[in-house]
1. Across region 189-205, which residue is most open to solvent (accessible area, probe 1.4 Å) among those that are touching a residue at least 24 places away in the same chain (Cβ under 8 Å) and of a type in the set (Gly, Ala, Ser)?
2. Hey, does region 72-84 have a residue that's acidic (Asp, Glu), under 15 Å from THR44 (Cβ atoms) and touching a residue at least 12 places away in the same chain (Cβ under 8 Å)?
3. Listed residues ILE156, ILE231, ILE132; which is open to solvent by less than 40 Å² (accessible area, probe 1.4 Å), modelled with pLDDT of 95 or more and of a type in the set (A, V, I, L, M)?
4. Looking only at region 165-188, how many residues end up being without any contact (Cβ under 8 Å) to a residue 40 or more places away in the chain, open to solvent by 90 Å² or more (accessible area, probe 1.4 Å), under 21 Å from LYS225 (Cβ atoms) and not in a helix (DSSP H, G or I)?
5. Have a look at GLY235, GLY210 and point out the one that is free of Cβ contacts under 8 Å to residues at least 40 places away in the same chain and at negative phi.
6. Spot the failing condition for PHE99; the list is (1) in contact with a helix residue (DSSP H, G or I) (Cβ under 9 Å, 6 or more places away or on another chain); (2) modelled with pLDDT under 95, and only one is missed.
7. Within the bounds of region 43-51, is there any residue that is small (Gly, Ala, Ser), open to solvent by less than 40 Å² (accessible area, probe 1.4 Å), more than 20 Å from GLY257 (Cβ to Cβ) and part of a strand (DSSP E or B)?
8. Would region 70-80 turn up any residue that is out of contact with any Lys or Arg (no Cβ under 6 Å at 6 or more places or on another chain), assigned to a helix (DSSP H, G or I) and not hydroxyl-bearing (Ser, Thr, Tyr)?
Amino acid sequence: MDLSFGFHTDAGVTPNDSLVGTLAIYTYKSEKKTKLPDGESRMTSREYADIVQSQIVHDLQVQFDSTWTRRQLWDRGYRESRTPSCPAMLLELLSHQNFADMKYGLDPSFRFTVSRAVYKGMLKYLSNRYDIPYVVQPLPVSSIGVRPDGDGKAVIRWRERHDKLEPTANAKGFILYTRIDDGAFDAGKIIECSCDENGVYSHIEDIAEGHIYSYKVVAFNDGGKSFPSEIVSIGIPKDGSVSEAVLIVNNFDRVSGPAYFDGEHR
């Protein structure tokens, strides 16, 4: 095993309802030993915890709140950081009892940023440990759509999402997955495409009348594949009974946490 990770939300409140923030914990001495079973110093867990904590705090300060708090880097004997036979850490991301922290804690975009920061921190630690370069997987593409282009053609368009926090996360290429009618998606194929002056990528596929074609796009690079895009679909009636085109637009383009209010307790 390369590493072990415990994910917690620490309890505690602040009297002025300021942020509690992120704490990281490692264990230097276990059963009076300061080395892992393979002979490596347990101080490697401190480096691991430091890198992950730093990545989380940096990304949250940039994307959500510049005052997000970096708490201590503790050497403590908690089970999750003490007993694994590999580098281990325990993360206390935020306080689930503190109002200022939980303004963010239930927001899906915040959770995505945190999870990606944990992944990036792990990746950078392993890069340091094994002295190999790292590449972060791309973000999923956005603004995907499909439209007919005459003569049995469909044009799929999308935009690459650039990770402003990670320069290695640019896409190297794209994979197109196709489903016909109620079947399953195929195994996907790497497609040749380039973007126009507006940063929009496009790809043309053949389609036959009387079938519904569904598509999704995945970005990839040397670090892996992104999460898939939304699924878009297109179909042309076989008998020509429909004379006008119908365009379906998904206008749901953001997520958020629940609404909250802050006032006197009654």
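The values are calculated or read from the model by the stated rules, or taken from the named source; none is laboratory data. Keep in mind it's a predicted model, so treat the numbers as computed, not measured. Note that we place each Cβ from the backbone using ideal geometry, even for glycine, and neighbour counts take in every protein chain shown. With ligands, DNA and RNA removed, areas are computed over all heavy atoms of the protein, side chains included. Shrake-Rupley method; radii C 1.70, N 1.55, O 1.52, S 1.80 Å.
1. Within region 189-205, the match that is most open to solvent (accessible area, probe 1.4 Å) is SER202.
2. Kept after step one, since they are acidic (Asp, Glu), are these residues of region 72-84: 75, 80.
Then drop every residue that is not under 15 Å from THR44 (Cβ atoms), which leaves 75.
Filter once more, so that each one left must be touching a residue at least 12 places away in the same chain (Cβ under 8 Å): 75.
Scanning region 72-84 turns up at least one residue that is acidic (Asp, Glu), under 15 Å from THR44 (Cβ atoms) and touching a residue at least 12 places away in the same chain (Cβ under 8 Å).
3. Numbers: ILE231 fails: open to solvent by less than 40 Å² (accessible area, probe 1.4 Å); ILE132 fails: open to solvent by less than 40 Å² (accessible area, probe 1.4 Å).
Exactly one of ILE156, ILE231, ILE132 is open to solvent by less than 40 Å² (accessible area, probe 1.4 Å), modelled with pLDDT of 95 or more and of a type in the set (A, V, I, L, M), namely ILE156.
4. 1
5. On the way: GLY210 fails: at negative phi.
Sole residue among the options that is free of Cβ contacts under 8 Å to residues at least 40 places away in the same chain and at negative phi: GLY235.
6. (1) is the only condition that PHE99 fails.
7. Among the residues of region 43-51, not one is small (Gly, Ala, Ser), open to solvent by less than 40 Å² (accessible area, probe 1.4 Å), more than 20 Å from GLY257 (Cβ to Cβ) and part of a strand (DSSP E or B), which makes the answer no.
8. Within region 70-80, the subset out of contact with any Lys or Arg (no Cβ under 6 Å at 6 or more places or on another chain) is 70-80.
So of that shortlist, the ones also assigned to a helix (DSSP H, G or I) come out as 79-80.
Checking which are not hydroxyl-bearing (Ser, Thr, Tyr) leaves us with 79-80.
The answer is yes, given that some residue of region 70-80 is out of contact with any Lys or Arg (no Cβ under 6 Å at 6 or more places or on another chain), assigned to a helix (DSSP H, G or I) and not hydroxyl-bearing (Ser, Thr, Tyr).
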